[in-house]
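The values are calculated or read from the model by the stated rules, or taken from the named source; none is laboratory data. Remember, it's a predicted structure, so these values are computed and weren't measured experimentally. Counting neighbours? That spans all protein chains shown, and the Cβs are built from the backbone with ideal geometry, glycine included. These area figures cover heavy atoms from the full protein model, side chains too; ligands, DNA and RNA do not enter into them. Shrake-Rupley method; radii C 1.70, N 1.55, O 1.52, S 1.80 Å.
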Amino acid sequence: DVKVTQSSRYLVKRTGEKVFLECVQDMDHENMFWYRQDPGLGLRLIYFSYDVKMKEKGDIPEGYSVSREKKERFSLILESASTNQTSMYLCASTPWGRERDNEQFFGPGTRLTVL
Amino acid sequence: QKEVEQNSGPLSVPEGAIASLNCTYSDRGSQSFFWYRQYSGKSPELIMFIYSNGDKEDGRFTAQLNKASQYVSLLIRDSQPSDSATYLCAVEGNQGGKLIFGQGTELSVKP
């Protein structure tokens, strides 16, 4: 079974703090994704990566950065957390090349609250 | 215009009825379509994917795709209370592995 893990299920931070969200997958997938999910807005793509040290902006990259130093690990960084970044953050991965049935496997999510 | 749109919920159906969930998309070149189920407090899980026009059946679930009209639907027959969840429609994006999600439709199946 594919396993995608995220470093924390719940996280509470203060405005202005630097926040790291970690995601690790154990199936040697090339593609990894970070989403945030808010009520009524569905999943919105923040950043994605299809190889080590590669990153691409998604639909809402402002206020976020990412790091992919190893294939299995994709980190989301909030340089200076703000209250409007309070959300559920979901990481996902998928193997390269299976575009017709490229199921994305999701981690359990991190619910981040910024006070 | 949103790229992927779903019925605004919540959708409530009685146990045993057919639940119909609809999704429209704007990119006529899209080839692959997915339905994910998300229980409250959990992460999404894939239940169906489809890429050919017509119907695809898997147990109580049927996905229907009409590329000419740019819509994809999910039918759940003999709905059960355990089907109560939010259903997310997703369409492949223009870069490898990228999906574009709709906002989701909340389904409630009443016993």
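Step by step: first the residues of the range A:26-43, then only those that are more than 10 Å from chain B (Cβ to nearest Cβ) and modelled with pLDDT of 95 or more, then the one that is surrounded by the fewest Cβ atoms within 10 Å (Cβ to Cβ). Which residue is that?
Our first condition is that a residue be more than 10 Å from chain B (Cβ to nearest Cβ); within the range A:26-43, this holds for A:26-28, A:34, A:36.
Subsequent filtering for residues that are modelled with pLDDT of 95 or more retains A:34, A:36.
Details: A:34: 25, A:36: 22.
The qualifying residue surrounded by the fewest Cβ atoms within 10 Å (Cβ to Cβ) is A:36.
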Among the residues of the range B:48-65, are any of a type in the set (A, V, I, L, M), in contact (Cβ under 8 Å) with a residue 24 or more places away in the chain and in contact with a Gly (Cβ under 8 Å, 6 or more places away or on another chain)?
yes
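Sort out which residues of the range B:23-45 are crowded, with 16+ Cβ neighbours inside 10 Å and closer than 20 Å to residue B:66 by Cα, and write them in order of number. Lay out the reasoning, then the answer.
As a first pass, look at the range B:23-45 and keep what is crowded, with 16+ Cβ neighbours inside 10 Å: B:23-25, B:30, B:32-38, B:43-44.
Scanning the range B:23-45 gives B:23, B:24, B:25, B:30, B:32, B:33, B:34, B:35, B:36.
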Do any residues in the range A:57-82 that are open to solvent by less than 90 Å² (accessible area, probe 1.4 Å) have Cβ atoms under 7 Å from those of residues that are assigned to a strand (DSSP E or B) and charged (D, E, K, R), where the two are at least six apart or on different chains, and which pairs are they?
A:60/A:44; A:74/A:68; A:75/A:22; A:81/A:13
Return the total of residues in the range B:48-71 being assigned to a strand (DSSP E or B), over 10 Å from the mean Cα position of the chain (by Cα) and within 14 Å of chain A (Cβ to nearest Cβ).
4
Failed item, numbered, when residue B:39 is tested on (1) more than 11 Å from every other protein chain (Cβ to nearest Cβ); (2) among the aromatic types (Phe, Trp, Tyr); (3) under 12 Å from the mean Cα position of the chain (by Cα):
(3)
So residue A:18 passes all but one of these: (1) in contact (Cβ under 8 Å) with a residue 60 or more places away in the chain; (2) in contact with a Pro (Cβ under 8 Å, 6 or more places away or on another chain). Which condition number does it fail?
(2)
Quick check: is even one residue across the range A:7-23 within 11 Å of chain B (Cβ to nearest Cβ) and farther than 20 Å from residue B:41 by Cβ?
no
Name the one entry in B:88, B:74 that is of a type in the set (A, V, I, L, M, F, W, C) and facing chain A (nearest Cβ under 10 Å).
B:88
Candidates A:62, A:22 - the one that is outside any strand (DSSP E or B) and either closer than 24 Å to residue B:105 by Cα or modelled with pLDDT of 95 or more (or both):
A:62
